[in-house]
1. How many angstrom separate the Cα center of the stretch 254-302 from the Cα center of the stretch 149-179?
2. How would the stretch 228-332 be classified by its alpha-carbon gyration tensor: rounded, prolate or oblate, with rounded meaning a/c under 1.5 and the a/b versus b/c comparison settling the rest?
3. For the residue pair residue 159 and residue 181, what label-to-label distance in nm results when each label sits 7 Å from Cα along the Cα-to-beta-carbon direction?
4. Order by neighbour count: 108, 241, 1, fewest other Cβ atoms within 10 Å first, most last.
5. What do you get for trypsin sites (Lys or Arg not before Pro) in the stretch 61-115 restricted to DSSP loop and a cutoff of at most 15 other Cβ within 10 Å of the site's Cβ?
6. Would you kindly enumerate the cysteines in the chain that have no other Cys beta-carbon under 4.7 Å from their beta-carbon?
7. Which lysines have a Cα lying under 16 Å from the Cα of residue 261, excluding residues fewer than 8 positions away in the same chain?
8. Of 96/317; 13/96; 116/273, which pairs sit farther than 29 Å apart, going by alpha carbon to alpha carbon?
Amino acid sequence: MTYLLGIDQGGTKTTAIVGDERGHILGIGNSFGAVHSVHGMSRAMEAGRRACGEALENAGLTYADIYGIYGGVSGLDWEYERGLIENAMRESFPVKRIRVVNDCIIAMRSATDSPKSAVICAGTGVNCAVRSGDREIVFGYYIPNSIQGGASIGLQALQRVFDAEAGVGEETVLTERLLQYFHASTVDCLLQRYVDSEITQASLTELPRLVEEAALGGDRVADQIYADFARGIVPYIHAGMRRLGILEEPVDVVLSGSIFKCRAAGLQETVRKCLLEKAPGANIIDAEYEPIIGAYLLGLDDLPEISFSDVYQNIKKEHGNYNILRKDRRQS
């Protein structure tokens, strides 16, 4: 029997999973989040060791049983970082075969095995990638702060409230919701707190839920915020397809990350409309599983003669034993 370790490491949490070549999940482990470029390589490795140790313990296995480790890592935005991370992992984990990719790649792999595919992974931040065979484009730092996931949506909500107060924007229920959230008596007070940097990045990432609730209540400004986000990110997918010569071909486009759990119609509808305008063959897929499954599947891609129909069937049968399904708020 061949056993694989998958790792999904980001700034919020680190998850590890152990599975065999037939799609049987044997153990899962969790640890704190750490990004090598932000928190340091040693802390990132410690987070990985803790998550992997827990997963192995739950599976009743040791590193000696593991064929390889396959990881999706937040912050792997430059090619030279791949070697740095893999070398650090070889020093930290007694396993010979180690492969790491940007974390948006495992989000894509968790939903499709098509050789022509793309992903928009939108959570606290955002990234997107396009793949055609062995060619791959990950956009990383090319994506501006104005569409960097939850934080950018939160910032847009603040700006729309400021615009409404100044009289240059449409009135919105977000004004009252944000005043309550930040315990501000007036928009002037809210603006001063923002200018004085008292409104943190972390608090901005909490605002998309408020924007979603306002959009569901019929607030046009809130729905427009999500639509504008979609219009901002889709051109990167078009550009990647164009550069790889697959803009007119059938391509699976995976939507993953917490932002795409949003129930606001403006987000999903605008993504679909904008994608199909220039990529008529786009097949839009909502990721069913958490990205950690993509890390595990990357490992299976390296093994010969794998029956992926059996693998997917076994994962589907056993997902109830592990927290690997994406919780979709749109079903609530």
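1. 27
2. oblate
3. 1.6
4. Values: 108 32, 241 25, 1 9.
Sorted ascending by nearby Cβ count, the order is 1, 241, 108.
5. Numbers: sites: 82, 90, 96, 97, 99, 109; in loops: 96.
Counting only loop positions with at most 15 other Cβ atoms within 10 Å, the trypsin sites (Lys or Arg not before Pro) in the stretch 61-115 are 96.
6. 52, 128, 189, 262, 274 - these cysteines have no disulfide-compatible partner (Cβ-Cβ under 4.7 Å) in the chain.
7. 327
8. Values: 96/317 31 Å; 13/96 25 Å; 116/273 20 Å.
Cα-Cα > 29 Å for 96/317; rest within.
Readers should treat all values here as calculations from the given coordinates under stated rules, not as data from a laboratory. Just so it is clear, the structure is predicted and the values come from calculations on it, not from any experiment. No Cβ is skipped: glycine too gets one built from the backbone with ideal geometry, and neighbour counts run over all protein chains shown.
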